[in-house]
1. Would you mind checking LYS91/LYS197; LYS229/LYS266; LYS15/LYS320; LYS86/LYS169; LYS68/LYS320; LYS15/LYS143 for any pair whose Cα atoms are more than 26 angstrom apart?
2. Please compute the modelled spin-label separation between ASP33 and ARG261, points set 7 Å along Cα→Cβ, answer in nm with one decimal.
3. Long-range amide H contacts for GLY95: which residues qualify at under 5 Å (H placed 1.01 Å from N, peptide plane, sequence gap of 5 or more or a different chain)?
4. Roll a 1.4 Å probe over the protein heavy atoms and report the accessible area of SER214 in Å², nearest 10.
5. In degrees, nearest 10, range 0 to 90: what is the angle between the Cα axis of helix 58-67 and the longest Cα principal axis of the chain?
6. Summarise the accessible area of segment 66-143 (1.4 Å probe, protein heavy atoms) by the percent that is carbon and sulfur.
7. Kirkwood Rh and Cα-based Rg: tell me the resulting Rg over Rh for segment 110-205, rounded to two decimals.
8. Largest first and to the nearest Å, give the Cα extent of segment 215-300 along each principal axis.
Amino acid sequence: MATSMSHQGRNRIVKELFEEYYLTPGRLELPFDMELREFALQPFDFDGYIRHLSFRNEGELLNFLREKVPLHLFYSSAKYQLPDAKDVERKGWMGADLLFDIDADHLCETREIKFCPSCGSISSGERCEKDGTELSSYVEMGKECLKEGARQAYLLEDILKHDFGMEPKVYFSGNRGFHVQVECMGECALLTSDERKEIVDYVSGDDVPDYNGSPSDPGWVGRKARGEKGVIVDRQVTIDVKRLIRIPNSLHGKSGLLVKRVEDVKSFVPRLDELSPFKGVVSFKPYVSINTSLYGQEISLEYGKMNIIPVSLGVLLHLKDLGEILAYVG
């Protein structure tokens with residue numbers, strides 16, 4: 001049994017949990033051509049990113065992660081001759097995967113809650129009306145947002161498969177959306193930004209006229225007849241041929257949840273116990289009273305009151321700046 005104590009939460013306990021996760025080989029889903037990819041990360045307790053990293057195999061990467069425990073971990077969609085060259089022009093671009101990003105919180109209404117972490121009061125403006133402390137904020141996203149995100153990810157997967165003949169992979173982003181990736185070879189990898197924009201225009205259903213077609217017709221003729229609408233994606237992510245993307249099965253630094261492959265996106269239901277790798281319990285002190293539901297977990301916590309909760313929930317709430325982890329038993 002491991003026990004940790006901390007008065008700085010994320011600076012120690014959460015970092016130790018992340019570090020332990022990355023010590024185990026075989027967890028990360030790495031590209032077969034990883035020696036051609038640029039890697040990047042944001043370490044704990046560091047505002048910036050370390051970029052222009054290159055690794056020949058998983059062992060080299062994990063050795064580096066032991067020294068620089070990542071809060072966020074990425075590799076490039078692009079393949080390069082010299083991925084560790086700091087001058088982008090010297091890297092030697094060789095092509096890139098095709099990426100799509102669906103932000104669930106852009107698909108429905110959200111609610112921003114501003115609160116004072118010192119007294120727990122809900123307030124507005126920039127500072128607490130009681131003691132002048134700078135307010136923290138939390139954006140509450142309803143479960144319907146992720147459900148709509150999953151629906152759109154399913155439609156995008158279907159379009160790429162049947163209209164383009166591609167083999168996309170869908171990933172839960174680890175926080176508030178979905179990533180869809182096509183591992184490109186040949187002509188697909190060499191698509192220009194303009195050509196990728198045309199694909200975005202197509203999947204978005206932009207400027208597609210209404211046809212008097214049949215539901216069995218191919219392309220948007222049949223899709224319109226079936227009542228389908230276009231997919232809302234972050235255009236810049238797809239158009240950018242040198243994008244950094246989160247490594248599948250890495251941990252998202254704003255939630256502690258896995259960037260997880262979704263095999264059956266149509267029936268995907270995000271559950272905290274399935275998306276977090278952490279086991280055990282923590283002593284957690286919330287900065288504000290919390291009554292909500294997150295990833296299938298009902299939460300009711302009173303401001304300032306110590307709670308023993310699952311470590312998966314404690315890490316999530318702490319990374320959302322909603323409270324402090326004081327002790328961990330796993």
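The values are calculated or read from the model by the stated rules, or taken from the named source; none is laboratory data. Quantities reported herein were computed from a predicted structural model and do not represent experimental measurements. When we count neighbours, we look across all protein chains shown, and the Cβ atoms used for this are built from the backbone with ideal geometry, even at glycine. Side chains included, ligands, DNA and RNA excluded: accessible areas come from the protein's heavy atoms. Shrake-Rupley method; radii C 1.70, N 1.55, O 1.52, S 1.80 Å.
1. Checking Cα-Cα distances, LYS86/LYS169; LYS15/LYS143 exceed 26 Å.
2. Once both label points are built, they end up 1.9 nm from each other.
3. Hits under the 5 Å cutoff: LYS79.
4. Probe radius 1.4 Å; accessible area of SER214 about 40 Å².
5. With both axes taken from Cα atoms, the answer is about 30 degrees.
6. 44
7. Ratio of gyration radius to Kirkwood radius for segment 110-205: 1.24.
8. 57, 33, 26
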